[in-house]
Amino acid sequence: AQSVAQPEDQVNVAEGNPLTVKCTYSVSGNPYLFWYVQYPNRGLQFLLKYITGDNLVKGSYGFEAEFNKSQTSFHLKKPSALVSDSALYFCAVRDGGTYKYIFGTGTRLKVLA
Amino acid sequence: DTAVSQTPKYLVTQMGNDKSIKCEQNLGHDTMYWYKQDSKKFLKIMFSYNNKELIINETVPNRFSPKSPDKAHLNLHINSLELGDSAVYFCASSQPGQGSYEQYFGPGTRLTVT
C-alpha cells in the first residue's frame, strides 16, 4: 500500500539558517511526490512536485526538494529560513493506479527570530 | 479570481441536522476532491470526481453524499450530522491528464456539530 511518513511533528530553526523537513514514501511504481504548505485557517498551497527528471526540484518561495530513490525520500529544504515560513508542511504521494493522493501527517515548522 | 472556492466558510449546526457544502473551481480542471482534516490536522480523502464521474469513494459513512452537477462544481451533503463530523472540509481540484498533477485547495469549511 502507498504511504507517506513525516517523522517529525515539529521542526524548529533559527531565522537565516537552512531548514529541512523530512519525508519518506512507499509506493509501487514510479512515485509522484508533492509538498504543500498550510498557514493557519487556510487551505493547502502547492509548493513543488517531483514527477520525473532532475532529482532536485525547485518550487515556490525559495523551497526545493531532493528526490532520492534509493532512500525513498523527498525532503523539503530551504537555504535560509524566514519567520514567515512558519507553517504546517505536508508531503503527499499520488497512487499511480488510482487518482488517490496520500498525505503525510504534517510537520509544523517554526522559524525563530 | 479565486481558483477554488467553498461556501460556507463556517458552519455551526446541531446533531441530527442535514447540511451541504458547496465547491466551485474556475481552473478548468476535470478532477475534484473532498478531504476531511481532523483536529490533529490529519488529511484524509473522502471522494473524488473526474468529469462528473465518481472515481474515489473512501470508507465514509453513507450519510455523506457527494454530487457533481458539472465538472466545475462538487458539493457535499451530510445527513444526520454527528459530533464526530466536526472537522474542516477541503475541496480541491487537479488536472492529471495534462501532467499537472498538483492539487489546488479551497479555503476550507469549518463544520462544528453541537
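The values are calculated or read from the model by the stated rules, or taken from the named source; none is laboratory data. Given the structure is predicted, the values throughout are model-derived calculations rather than measurements. Neighbour counts are summed over all protein chains in view; Cβ atoms, including those assigned to glycine, are modelled from backbone coordinates with ideal geometry.
So that you can scan it fast, the table gives a plain yes or no per residue for (1) under 25 Å from B:ARG110 (Cα atoms); (2) surrounded by 18 or more Cβ atoms within 10 Å (Cβ to Cβ); (3) among the aliphatic types (A, V, I, L, M):
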{"site": "A:SER3", "(1), (2), (3)": "no, no, no"}
{"site": "A:TYR25", "(1), (2), (3)": "no, yes, no"}
{"site": "A:TYR36", "(1), (2), (3)": "yes, yes, no"}
{"site": "A:THR72", "(1), (2), (3)": "no, no, no"}
{"site": "A:ALA92", "(1), (2), (3)": "yes, yes, yes"}
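Need pairs with beta-carbon distance below 8 Å; first residue more than 22 Å from A:TYR32 (Cα to Cα) and within the range A:1-19, second outside any loop (DSSP other than H, G, I, E, B) and hydroxyl-bearing (Ser, Thr, Tyr); sequence gap 6+ or separate chains.
Partner pairs satisfying both residue conditions: A:ASP9/A:THR107; A:GLN10/A:THR107; A:VAL11/A:THR20; A:VAL11/A:THR107.
Could you say whether any residue in the range B:19-39 is assigned to a strand (DSSP E or B), within 29 Å of A:GLN10 (Cα to Cα) and among the aliphatic types (A, V, I, L, M)?
no
If we scan the range B:96-103, do we find a residue that is free of Cβ contacts under 8 Å to residues at least 60 places away in the same chain, within 14 Å of chain A (Cβ to nearest Cβ) and assigned to a loop (DSSP other than H, G, I, E, B)?
yes
Only residues that are part of a loop (DSSP other than H, G, I, E, B), modelled with pLDDT of 90 or more and either charged (D, E, K, R) or surrounded by 13 or more Cβ atoms within 10 Å (Cβ to Cβ) (or both): list them for the range B:40-70, please.
Across the range B:40-70, the qualifying residues are B:LYS40, B:LYS41, B:PHE42, B:ARG63.
If we scan the range A:35-53, do we find a residue that is among the basic types (Lys, Arg), part of a strand (DSSP E or B) and either within 14 Å of chain B (Cβ to nearest Cβ) or free of Cβ contacts under 8 Å to residues at least 24 places away in the same chain (or both)?
Yes, there is a match, as at least one residue in the range A:35-53 is among the basic types (Lys, Arg), part of a strand (DSSP E or B) and either within 14 Å of chain B (Cβ to nearest Cβ) or free of Cβ contacts under 8 Å to residues at least 24 places away in the same chain (or both).
If the requirement is being modelled with pLDDT of 90 or more, more than 20 Å from A:GLY43 (Cα to Cα) and either among the basic types (Lys, Arg) or touching a strand residue (DSSP E or B) at 6+ places or on another chain (Cβ under 9 Å) (or both), which of these qualifies: B:THR13, B:THR31? Spell out the reasoning first.
Details: B:THR31 fails: more than 20 Å from A:GLY43 (Cα to Cα).
Going through B:THR13, B:THR31 in turn, the sole match is B:THR13.
Of the numbered conditions (1) part of a loop (DSSP other than H, G, I, E, B); (2) of a type outside the set (Gly, Ala, Ser); (3) surrounded by 14 or more Cβ atoms within 10 Å (Cβ to Cβ), B:TYR89 fails exactly one; give the number of that condition.
Going through the list (1) part of a loop (DSSP other than H, G, I, E, B); (2) of a type outside the set (Gly, Ala, Ser); (3) surrounded by 14 or more Cβ atoms within 10 Å (Cβ to Cβ), B:TYR89 breaks only (1).
Take the range A:57-113 and flag every residue that is within 12 Å of chain B (Cβ to nearest Cβ), among the small types (Gly, Ala, Ser) and under 18 Å from A:LEU44 (Cβ atoms).
Residues satisfying the conditions are A:GLY59, A:SER60, A:ALA87, A:ALA92, A:GLY104, A:GLY106.
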